[in-house]
2 protein chains.
Amino acid sequence: MNLNAKAIVLFGHGARDARWREPFDRLAALWQAQHPQTRVELAFLELMQPSLAEAIASLADSGASKIVVVPVFFGQGGHLRNDFPVLLDACKQQFPDVALSATPAVGEDEAVLQAIVDFSARAL
Amino acid sequence: MNLNAKAIVLFGHGARDARWREPFDRLAALWQAQHPQTRVELAFLELMQPSLAEAIASLADSGASKIVVVPVFFGQGGHLRNDFPVLLDACKQQFPDVALSATPAVGEDEAVLQAIVDFSARAL
């Protein structure tokens with residue numbers, strides 16, 4: 001199987017409790033099962049490894065030349081408006097041969113919100 | 001239109017930047033448009049209002065007697081494993097006439113994760 005030159009980073013906040021990352025691990029596994037040719041790495045803003053730069057280095061080392069970072073955050077507050085652009089710019093400088101871009105936070109996506117509404121409705 | 005005795009609280013972390021709550025406002029609006037008979041309130045753990053107790057008081061005042069709290073978090077770390085149960089127990093004591101329960105975090109839901117995978121795939 002030829003691996004795609006495109007890859008994806010699922011970027012989360014991180015937390016002290018290791019169990020916090022379980023949905024992120026499931027998310028990466030789900031991605032990989034459905035998109036086996038497109039590499040995926042998790043990365044975290046703080047408190048968990050790898051960092052964004054480490055995840056990008058790992059993907060670039062294995063041949064990815066176009067990497068899209070998906071912020072797995074609901075809201076776009078200080079972390080995504082201030083910290084993340086600085087991190088992303090630093091990575092662009094560190095990896096000039098990689099085409100690096102980012103999506104809005106997943107909480108901006110209507111289908112993600114709809115899935116939360118549906119989950120809530122099933123709980124009632 | 002008769003309002004349902006059941007109501008829902010969408011419970012998020014909160015943040016300093018007011019724009020962080022935009023997806024939560026959209027989530028509540030989406031719920032209300034699709035479930036007009038079932039009241040919804042947002043509530044936040046910290047940095048934003050209303051608190052969980054304030055949201056429950058407001059729903060109880062307007063006649064809700066069964067309230068389901070949906071934690072709009074991805075991971076279940078310290079906030080959901082430690083802080084949230086304490087808050088929820090305090091609310092159960094404060095509102096003995098309300099049947100109060102909570103779902104797992106929305107990040108535990110496979111359909112929510114799938115929506116994130118689909119969003120990511122569209123971005124590639």
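Quick notes
- Failed item, numbered, when A:Gln76 is tested on (1) crowded, with 18+ Cβ neighbours inside 10 Å; (2) at the interface with another protein chain (Cβ under 9 Å from one of its Cβ atoms); (3) touching a strand residue (DSSP E or B) at 6+ places or on another chain (Cβ under 9 Å); (4) not hydrophobic (A, V, I, L, M, F, W, C): (3)
- Residues located in region A:52-70, provided they are out of contact with any Phe, Trp or Tyr (no Cβ under 6 Å at 6 or more places or on another chain) and not in a helix (DSSP H, G or I): A:Ser62, A:Gly63, A:Ala64, A:Ser65, A:Lys66, A:Ile67, A:Val68, A:Val70
- Hits in region A:28-68 - residues which are under 12 Å from the mean Cα position of the chain (by Cα) and at the interface with chain B (Cβ under 7 Å from one of its Cβ atoms): A:Trp31, A:Val68
- Within region B:103-124, the set of residues being touching a residue at least 24 places away in the same chain (Cβ under 8 Å) and surrounded by fewer than 20 Cβ atoms within 10 Å (Cβ to Cβ) comprises B:Thr103, B:Pro104, B:Glu108.
- Boolean, B:Gly63 is loosely packed, with under 14 Cβ neighbours inside 10 Å and not β-branched (Val, Ile, Thr): yes
- Inside region B:9-27, residues that are more than 7 Å from every other protein chain (Cβ to nearest Cβ) and part of a loop (DSSP other than H, G, I, E, B) make up a count of 2.
- All of B:Gly12, B:Gly78 fail the test of being over 15 Å from the mean Cα position of the chain (by Cα) and of a type outside the set (A, V, I, L, M, F, W, C), apart from B:Gly78.
- Pairs with Cβ under 8 Å, 6+ apart, first in region B:18-45 and closer than 17 Å to B:Phe73 by Cβ and free of Cβ contacts under 8 Å to residues at least 40 places away in the same chain, second surrounded by 15 or more Cβ atoms within 10 Å (Cβ to Cβ) and of a type in the set (Asp, Glu): B:Pro23/A:Glu108; B:Ala28/B:Glu41
- Test result for B:Asp17, touching a helix residue (DSSP H, G or I) at 6+ places or on another chain (Cβ under 7 Å) and among the charged types (D, E, K, R): yes
- One residue from B:Leu30, B:Leu3, B:Leu42 being part of a loop (DSSP other than H, G, I, E, B), within 20 Å of A:Ala123 (Cβ to Cβ) and of a type in the set (A, V, I, L, M): B:Leu3
- Residue check for B:Pro85: modelled with pLDDT of 95 or more and either within 27 Å of A:Arg26 (Cβ to Cβ) or within 7 Å of chain A (Cβ to nearest Cβ) (or both): yes
- Here is the figure for region B:42-59: residues that are under 16 Å from B:Ala99 (Cβ atoms) and surrounded by 20 or more Cβ atoms within 10 Å (Cβ to Cβ) total 4.
- The set of residues from region A:88-113 being facing another protein chain (nearest Cβ under 7 Å) and assigned to a helix (DSSP H, G or I) comprises A:Val106, A:Gly107, A:Glu108, A:Ala111, A:Val112, A:Leu113.
- Among (1) modelled with pLDDT under 95; (2) assigned to a helix (DSSP H, G or I), the one test that A:Asp118 misses: (1)
- Given (1) over 20 Å from B:His13 (Cα atoms); (2) within 8 Å of another protein chain (Cβ to nearest Cβ); (3) touching a helix residue (DSSP H, G or I) at 6+ places or on another chain (Cβ under 8 Å), number of the condition A:Lys6 does not satisfy: (3)
- Annotation: B:Phe73 fulfils all but one of (1) without any contact (Cβ under 8 Å) to a residue 40 or more places away in the chain; (2) part of a loop (DSSP other than H, G, I, E, B); (3) within 15 Å of B:Leu52 (Cβ to Cβ); the unmet one is (1).
The values are calculated or read from the model by the stated rules, or taken from the named source; none is laboratory data. All figures in this text were calculated on a predicted structure; none of them were measured in a lab. All Cβ positions, glycine included, derive from the backbone under ideal geometry; neighbour counts span all protein chains shown.
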